[in-house]
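The values are calculated or read from the model by the stated rules, or taken from the named source; none is laboratory data. All figures in this text were calculated on a predicted structure; none of them were measured in a lab. Ideal geometry is used to build each Cβ from the backbone, glycine not excepted, and the neighbour counts take in all protein chains shown. Just the protein is used for accessible areas: all its heavy atoms, side chains included, with ligands, DNA and RNA removed. Shrake-Rupley method; radii C 1.70, N 1.55, O 1.52, S 1.80 Å.
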Amino acid sequence: MDHPILGQTALAYSPVIDRNRAVIATRLTVLPLVPGAPLDAGALLEAISEAWPVGGTQLWLNVTSETLLHDLMVAQPATHILMEVPAFMAGDAVNITPIQTLASNGNTLLLKGRPLQELPKEVLPCFKHSIIDFEEDRRIHSGSGAQAPSTAPAGTVRTISHVQAGVTNVADMETAFRKGAMAVLGWPIDDVIQEGSKPADQPALQVIVQLIDQVHRGEDIEVLENTLKRDPPLAFKLMRYINSPAFGLSVEISSFRHAIMILGYQRLKRWLALLLATASKDPNMRPVMFAAVRRGLLMEELARISGDDEMRNELFICGVFSLLDRMFRQPFNVLLKTIPVPERVYQALADESGPYEPYFQLVKAVEGNNVFDIKDAAERLMIDFKDINSCLLKAMANAAQLE
């Protein structure tokens, strides 16, 4: 991914979540590092195509540079790329032809923000959805509490479906869907975990936690086999995983013992970590699990810049485990007494300290849309943006292969 434009922008990402709580696409925000600097739209499309190829998963592009966005519309991206167009640009005559051409080509267009004046009649039919920020939505904030109206007040009639942006917790997500959103944009992961709160009932995860502990202590294969036999669905998932094309084996694996011999203890622990972070049955946890996997893959890629194998493995575990407190509803200083993790991972998650904490902060900044937060986090690690963005795109591509 040797693309110069990756050193001229900061990339941020968030999920697009539908009413079933399934993540249906990724929203990629493109933030110029130098405002007003010329940027090559074709080079950007080429760079992101490695993570989101034609025929792959949907990508929603949110570009904060007016000039770059206009150039991207003129460049006519592939139809699996959905373009977000701010309302003020949709009303500009210079953008009418590119918008109409994109729509006629089959691209889905999203109108971002509330128009301050009526849009040109030839432009409005080109947009499939509008994007309304949670904090600015008068359907939500025109009342309060249980007495808030369920219908729009005067002046908020919508002729197209809407997507709710700025969702930060499960309650906001549920409110947005209750008020009619067809999807939400954001990370519903900011729920506060109270000390002493009752843990979530997750009996299906107990075998995974026990296996992680046994692998961590280097128990014999016979011990691991006996534990796995208690959970046949888990054994099936392991066999399906190791025999999948993504694993790249030329011979079929038919027993758990053979699987462990092929995987090795480090890769088995990695697989169990992924499984633990994606095993919740709560539909509201699906976006949280999506975030956890991407955090792990991104932190692992960042470690490739200067880290060794042990550091890469531990940063992967750190990212994948970083939202277990939401899934189990317990603070990390309690939760990690039952799930063994390396000391540096414990420091980052429970104490917000140690050598991995700056990587954790960078990943959280990349989940937001604030270029200054991303710059601050990058400076702490002394990693340039070309490397950060390359790691992000590689992590997104790896995540797509896992799914």
Looking at Gly319, is it among the small types (Gly, Ala, Ser) and surrounded by fewer than 23 Cβ atoms within 10 Å (Cβ to Cβ)?
no
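Listed here are the residues, each with its yes/no results for (1) farther than 19 Å from His80 by Cα; (2) of a type in the set (Ser, Thr, Tyr); (3) in contact with a strand residue (DSSP E or B) (Cβ under 7 Å, 6 or more places away or on another chain); (4) in contact (Cβ under 8 Å) with a residue 40 or more places away in the chain.
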residue: Glu118; (1), (2), (3), (4): yes, no, no, no
residue: Val123; (1), (2), (3), (4): yes, no, no, no
residue: Cys126; (1), (2), (3), (4): no, no, yes, no
residue: Asp133; (1), (2), (3), (4): yes, no, yes, no
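What about Arg304, is it surrounded by fewer than 20 Cβ atoms within 10 Å (Cβ to Cβ), in contact (Cβ under 8 Å) with a residue 12 or more places away in the chain and among the charged types (D, E, K, R)?
Numbers: surrounded by fewer than 20 Cβ atoms within 10 Å (Cβ to Cβ): yes; in contact (Cβ under 8 Å) with a residue 12 or more places away in the chain: yes; among the charged types (D, E, K, R): yes.
The answer is yes for Arg304.
With the condition kept exactly as written, say whether any residue in segment 45-53 is touching a helix residue (DSSP H, G or I) at 6+ places or on another chain (Cβ under 8 Å) and hydroxyl-bearing (Ser, Thr, Tyr).
No, every residue in segment 45-53 fails to be touching a helix residue (DSSP H, G or I) at 6+ places or on another chain (Cβ under 8 Å) and hydroxyl-bearing (Ser, Thr, Tyr).
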Looking at Lys375, Lys337, Lys386, which one is surrounded by fewer than 16 Cβ atoms within 10 Å (Cβ to Cβ) and at pLDDT 95 or above?
Lys375
Starting from segment 82-93, take each residue that is over 11 Å from Pro120 (Cα atoms) and at pLDDT below 95 and list its partners that are basic (Lys, Arg) and open to solvent by less than 10 Å² (accessible area, probe 1.4 Å), counting only C-beta distances under 8 angstrom and pairs at least six apart or across chains.
none
Only one of these conditions is not met by Asn313: (1) open to solvent by less than 20 Å² (accessible area, probe 1.4 Å); (2) closer than 18 Å to His216 by Cα; (3) among the polar types (S, T, N, Q). Which number is it?
(1)
Tell me which of these Ser306 doesn't satisfy, since it passes every other one: (1) within 20 Å of Pro358 (Cβ to Cβ); (2) not in a loop (DSSP other than H, G, I, E, B).
(2)
Could you list, in sequence order, the residues of segment 101-113 that are over 11 Å from Lys128 (Cβ atoms) and either among the hydroxyl-bearing types (Ser, Thr, Tyr) or surrounded by 16 or more Cβ atoms within 10 Å (Cβ to Cβ) (or both)?
Thr101, Leu102, Ser104, Lys112, Gly113
Kindly indicate which of Ile221, Ile262 is over 18 Å from Pro340 (Cα atoms), out of contact with any strand residue (DSSP E or B) (no Cβ under 6 Å at 6 or more places or on another chain) and open to solvent by 40 Å² or more (accessible area, probe 1.4 Å).
Ile262
I need the full set of residues from segment 63-105 which are small (Gly, Ala, Ser) and not in a helix (DSSP H, G or I), in order please.
Ser65, Ala78, Gly91
Tell me, yes or no, whether segment 50-58 has at least one residue that is open to solvent by 30 Å² or more (accessible area, probe 1.4 Å) and at pLDDT 95 or above.
no
Counting only residues in segment 272-301 that are without any contact (Cβ under 8 Å) to a residue 40 or more places away in the chain and in a helix (DSSP H, G or I), the one farthest from Ala365 (Cα to Cα) is identified as Met289
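Tell me yes or no: at least one residue of segment 47-62 is closer than 26 Å to Lys394 by Cα, in a helix (DSSP H, G or I) and not β-branched (Val, Ile, Thr).
The answer is yes; a qualifying residue exists.
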Exactly one of Pro342, Pro287, Pro355 is over 29 Å from Ala176 (Cα atoms), open to solvent by less than 50 Å² (accessible area, probe 1.4 Å) and at pLDDT 90 or above, and that residue is Pro342
Of everything in segment 106-141, what is part of a loop (DSSP other than H, G, I, E, B) and closer than 20 Å to Thr168 by Cβ? Give them in sequence order.
Gly113, Asp137
Could you check how many residues of segment 19-45 are buried (at least 17 other Cβ atoms within 10 Å of the Cβ) and part of a strand (DSSP E or B)?
9
Checking Ile253 against (1) part of a helix (DSSP H, G or I); (2) open to solvent by less than 10 Å² (accessible area, probe 1.4 Å): exactly one of these is not met. Which one?
(1)
